[in-house]
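Inspection log for the structure reproduced underneath, given as structure tokens.
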Amino acid sequence: MKTYITVLNVISAFSVVALHANGCFWQFSRSSYWFTANIIECVFYFAVPVFFMITGVTLFDFMKRQDLGTFFRHRFHKVVVPFLFWSIVAVLFQVFYMKKFALSAMSPVFIANGIFKSTFCSVYWFFWPLFSVYLSIPLFAAVDNGKKEFVLKYLAASGLIINFFFPFVLAVFKVPVKIPVSVTVTSGFLLYAILGWLIDHCEISPSRKKIVYLLGFVGLIMHGGGTYLLSMEAGKIIKIYKGYNNVPCLLYSVAVFVFIKEYISKFDILNPLHNKILKICNVLKNYTFPIYLLHWFLIRILVKELHIDIKSMVWRIGGIFLLCFLSIAITWLARKIPLFGKRILP
């Protein structure tokens, strides 16, 4: 794995935890806590799009390394199996610990629908678009290497304009028109995977990097400022500037991806600080997926047992480090279980 991808993976994992430790954002209030909650929400919002961009970088060329069967077997064992295991754990957790659902309601259909809709563990919604991207990746991987850059640039441009830009402009200016055309091959999070591959493979000139960073800052301000002003006016959260498949998030996420890529490329291994950062990231990269799998459970256990005020800034900042530490510790211990631990927390 490329060094900058390792660093992005670690940063994104911590950012996901930050978003969920800051869950009070979704409890709208004109109190001061919601002002800071909105800032935290917007600053760390890049995490999910960046994960999909990393997927594009690491998997779009998988056919150079493995055949289709191997590709899907690896995805099944590394992602699907842990997802299914922890989804069942989430069912049991909600029934017996949180007591949110009655045991008598647990029919096979109810459980299946709950897993598909992420009812039992809300943060696991991420897996369904991820699986969709996995199923689509062979299409991009099969494109001839000599034509791949051209094809992906075309798809990125058309997807940006038709799937992102037009709907966003119509929503902002409240134009009651719905465009009946979309570039379905770049729908949802697929566009982020395409952009990740392009950023990794294409040289970006210094002047264009400045434009990317400027647009990223504009996206962040639109997301944070627009959401705050409209929500304060309406007395509830207004999502015109929110959403992963929206222009503000896309601009900001791309800027973060490009910045980390360029920043890490300048690291000097002989520099003690740079060397230490890279060593830490190389250790933490082995725990990023388990952190995602476990932190939702830990948030609910800690809040319930310690009676934590989720609006407290101490929790919303300090909780990030506590949740990551506990997730890493649990993973380290679980992996000591022969033949089992590494399968459920790879």
Going by what's in this entry, would Phe76 be described as aromatic (Phe, Trp, Tyr), part of a helix (DSSP H, G or I) and surrounded by fewer than 16 Cβ atoms within 10 Å (Cβ to Cβ)? yes
Given the criteria within 20 Å of the chain's Cα centre (by Cα) and within 22 Å of His20 (Cβ to Cβ), does Leu298 qualify? yes
List pairs: first residue in the range 283-308 and under 19 Å from Lys78 (Cβ atoms), second residue among the hydrophobic types (A, V, I, L, M, F, W, C) and not in a helix (DSSP H, G or I) anywhere in the structure, Cβ distance under 8 angstrom, at least six positions apart or on different chains. Lys285/Met1; Phe289/Leu345; Pro290/Leu345; Leu293/Leu345; Leu294/Leu345
Any pair with Cβ under 6 angstrom, 6 or more apart, that starts in the range 20-32 at a residue that is under 12 Å from Ser231 (Cβ atoms) and ends at one that is among the β-branched types (Val, Ile, Thr) and at pLDDT 95 or above: Phe28/Ile237
When you check Ile277 against the structure, is it touching a Leu at 6+ places or on another chain (Cβ under 9 Å), more than 21 Å from Ile221 (Cα to Cα) and at pLDDT below 95, yes or no? no
Those residues that are within 17 Å of Phe131 (Cβ to Cβ) and either surrounded by fewer than 20 Cβ atoms within 10 Å (Cβ to Cβ) or without any contact (Cβ under 8 Å) to a residue 24 or more places away in the chain (or both), I need them from the range 56-68; list them, please. Thr58, Phe62, Leu68
Just to be sure I understand the filter: pairs with C-beta atoms under 9 Å, separated by 6 or more residues or on different chains, first member in the range 141-164 and within 25 Å of Gly69 (Cα to Cα), second member assigned to a loop (DSSP other than H, G, I, E, B) and aliphatic (A, V, I, L, M). Which pairs pass? Val151/Val143; Leu152/Val143
Quick one: how many residues across the range 14-55 are of a type in the set (Ser, Thr, Tyr) and buried (at least 23 other Cβ atoms within 10 Å of the Cβ)? 1
Examine the range 22-40 for a residue that is under 24 Å from Val151 (Cα atoms), in contact with a Lys or Arg (Cβ under 8 Å, 6 or more places away or on another chain) and part of a helix (DSSP H, G or I), and state whether such a residue exists. no
In this structure, is Lys153 basic (Lys, Arg), over 30 Å from Val80 (Cβ atoms), surrounded by 10 or more Cβ atoms within 10 Å (Cβ to Cβ) and at pLDDT 95 or above? yes
If I filter the range 78-89 for residues that are modelled with pLDDT of 95 or more, more than 21 Å from the chain's Cα centre (by Cα) and of a type in the set (Val, Ile, Thr), do I get at least one hit? yes
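The values are calculated or read from the model by the stated rules, or taken from the named source; none is laboratory data. Fair warning: this is a prediction, and the values are worked out from it, not measured in the lab. Methodologically, a virtual Cβ is constructed for each residue, glycine included, from the backbone with ideal geometry; neighbour enumeration extends over all protein chains shown.
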